[in-house]
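Below: one structure, written as structure tokens.
The values are calculated or read from the model by the stated rules, or taken from the named source; none is laboratory data. Keep in mind the model is a prediction, meaning the values are calculated, not measured. Cβ placement follows ideal geometry from the backbone for every residue including glycine, while neighbour counts extend to all protein chains displayed.
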Amino acid sequence: MTRVVSPATRHLNRARGMAWLIVMGLSPVVASPAWAGRPLTTEDTGTLDPGKAELELSVDYLRDGGAQSLVVPGGPVLNLGLTAGLEGTVATSFLLFEPQGKPLRAGLGDSLIRLKYRFLDETARRPALMAAVSARLPTGDEGRGLGEPGVDIQTLAVVSKTAGRVTLTLNTGYTFVIRNRDLDVANVNASVEGAITRAWALVGEVVSELATSRRTEDRAVLRMGMVHAVTERLRLDTAVGFGTTRASPDVLFTIGVTINLN
């Protein structure tokens, strides 16, 4: 059956594009014993040791139709090891947003907070399992197009398994859009990470939001990138993504750095 999309629905979908930039640009994922972390949006099962901290900074670009957005910087994203298997994250950003046919505007964007807990470690026979919950906070100026009203809550189940130099990760979850539950989405993400050498790795992922009502549409982005470990405390990364559905952003690009603060 063909889905009929009204002008109001298209407006809502465009508004969700800013949320995609915030979620993918500020995605607070950190290093596991493998290569998981930036530039992937897919949540991994790695956590920092208690008392350890990491800082992420990036520049993120999104083009959605005639609108362009730039996060400068993407972050700071601060990741903290709280207890064994438990990690917390706080993140914010500064946005440059140029709507189609309108002047450029700049300012603070929305913020993210997240907790994740690995309750089952990986063994030779079983994968690692984790649960994560995050919230988008409306710190951006909605009237200027720099944020969205209300709070979004996302819950995720995460599973990952490493075989040799390759790590596969799967996320399934649900995002509750508190201001309008018709905008709720189901989340399905999957990633693959392959270590080429001790210092270089290739990464790829599919990130998707599946509509739960006729007021919005499915979104999916295919993204590919690489990571370079300059030292044990410093990693550089970059990735480019392309939308695969009508409502998805056209192009996303990120380049960033992860710094071990301990």
Among the residues that make up the range 81-97, is at least one of them under 15 Å from the mean Cα position of the chain (by Cα) and under 21 Å from V251 (Cβ atoms)? yes
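Condition test on R215, is it charged (D, E, K, R), at pLDDT 95 or above and surrounded by 15 or more Cβ atoms within 10 Å (Cβ to Cβ)? Walk me through how you get there before you give the answer.
Details: charged (D, E, K, R): yes; at pLDDT 95 or above: no; surrounded by 15 or more Cβ atoms within 10 Å (Cβ to Cβ): yes.
When the stated conditions are applied, R215 does not pass them.
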Tell me the residue from S134, S93 that is in a strand (DSSP E or B) and either within 22 Å of L48 (Cα to Cα) or in contact with a Lys or Arg (Cβ under 8 Å, 6 or more places away or on another chain) (or both), please. S134
Per the list (1) modelled with pLDDT under 95; (2) within 26 Å of A131 (Cβ to Cβ); (3) not polar (S, T, N, Q), residue check on I153 breaks on (1)
Can you name the residue in the range 128-150 that is without any contact (Cβ under 8 Å) to a residue 40 or more places away in the chain and of a type outside the set (D, E) and, of all such residues, is farthest from R105 (Cα to Cα)? A131
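Is it the case that some residue within the range 80-89 is under 28 Å from P50 (Cβ atoms) and either surrounded by 20 or more Cβ atoms within 10 Å (Cβ to Cβ) or at pLDDT below 95 (or both)?
Looking only at the range 80-89, we keep the residues that are under 28 Å from P50 (Cβ atoms), and these are 80-89.
Narrowing further to those that are either surrounded by 20 or more Cβ atoms within 10 Å (Cβ to Cβ) or at pLDDT below 95 (or both): 87, 89.
For the range 80-89, residues under 28 Å from P50 (Cβ atoms) and either surrounded by 20 or more Cβ atoms within 10 Å (Cβ to Cβ) or at pLDDT below 95 (or both): present.
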Flag if A132 is closer than 27 Å to S69 by Cβ, among the hydrophobic types (A, V, I, L, M, F, W, C) and either out of contact with any strand residue (DSSP E or B) (no Cβ under 8 Å at 6 or more places or on another chain) or at pLDDT 95 or above (or both): yes
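Checking the condition assigned to a strand (DSSP E or B), surrounded by fewer than 17 Cβ atoms within 10 Å (Cβ to Cβ), out of contact with any Asp or Glu (no Cβ under 6 Å at 6 or more places or on another chain) and of a type outside the set (S, T, N, Q), which residue from L252, L222 passes? Step through it out loud before you land on a result.
Working: L252 fails: surrounded by fewer than 17 Cβ atoms within 10 Å (Cβ to Cβ).
Matching residue, one of L252, L222: L222.
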Close pairs from the range 154-171: first farther than 15 Å from K116 by Cα and among the small types (G, A, S), partner at pLDDT 95 or above and part of a strand (DSSP E or B), Cβ under 9 Å, at least 6 apart: G164/A195
Inspect all residues belonging to the range 157-165 and state whether any of them is touching a strand residue (DSSP E or B) at 6+ places or on another chain (Cβ under 8 Å), modelled with pLDDT of 95 or more, closer than 29 Å to A67 by Cα and among the polar types (S, T, N, Q). no
How many residues of the range 226-243 are more than 20 Å from L62 (Cβ to Cβ) and either in contact (Cβ under 8 Å) with a residue 60 or more places away in the chain or outside any strand (DSSP E or B) (or both)? The answer is 4
Keeping to the range 24-79, report how many residues are modelled with pLDDT of 80 or more and small (G, A, S). 6
Looking only at the range 98-116, filter to residues that are surrounded by fewer than 16 Cβ atoms within 10 Å (Cβ to Cβ) and at pLDDT 95 or above; which one of those is nearest to the chain's Cα centre (by Cα)? I113
Take S93 and decide whether it is at pLDDT below 90 and over 23 Å from A247 (Cα atoms). yes
